[in-house]
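Student: Let me begin by handing over the structure; questions about it come next.
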Amino acid sequence: MPIKKRTTSSKFVEVECTKCKNEQVVFSKPSRDLKCLVCGETLATSSGGIADFKAKIKSLLE
Ligand SMILES: [Zn+2]
């Protein structure tokens, strides 16, 4: 059984948009790409598991 290296127990992640600095709490395993609510910049792309984050991760939430 392969174990993914990029796993986290956190379900939600606080990220900061690299473009407009908007801080947003997002689901760590989204089924769709995550966009900044302010400027529309892609914050993370869906990868089937833990998202591939483009935005700066501020903190991991429970
Ligand atoms: Zn933004």
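The values are calculated or read from the model by the stated rules, or taken from the named source; none is laboratory data. Please read these numbers as outputs of a predicted model, since none were measured by experiment. A quick note on method: Cβ atoms are made from the backbone with ideal geometry, for glycine too, and the neighbour counts reach across all protein chains shown.
Student: Pairs needed: first member in the range 19-47, within 15 Å of Ile57 (Cβ to Cβ); second member anywhere, within 8 Å of the ligand (Cβ to nearest atom) and among the polar types (S, T, N, Q); C-beta distance under 6 Å; at least 6 residues apart or different chains.
Tutor: Correct list of pairs: Cys36/Asn22.
Student: For the range 8-57, give me each residue that is of a type in the set (Lys, Arg) and in contact with a strand residue (DSSP E or B) (Cβ under 8 Å, 6 or more places away or on another chain). Spell out the reasoning first.
Tutor: Of the range 8-57, the ones of a type in the set (Lys, Arg) are 11, 19, 21, 29, 32, 35, 54, 56.
Answer for the range 8-57, where residues must be of a type in the set (Lys, Arg) and in contact with a strand residue (DSSP E or B) (Cβ under 8 Å, 6 or more places away or on another chain): Lys11, Lys35, Lys54, Lys56.
Student: Restricting the search to the range 15-60, which residues are among the acidic types (Asp, Glu), part of a loop (DSSP other than H, G, I, E, B) and either at pLDDT below 95 or more than 9 Å from the ligand (Cβ to nearest atom) (or both)? Let's see the steps before the verdict.
Tutor: The first filter runs over the range 15-60 and keeps only residues among the acidic types (Asp, Glu), leaving 16, 23, 33, 41, 52.
Applying the additional criterion that residues be part of a loop (DSSP other than H, G, I, E, B) yields 33, 41.
If the condition is that a residue be among the acidic types (Asp, Glu), part of a loop (DSSP other than H, G, I, E, B) and either at pLDDT below 95 or more than 9 Å from the ligand (Cβ to nearest atom) (or both), then Asp33 is the only one that fits.
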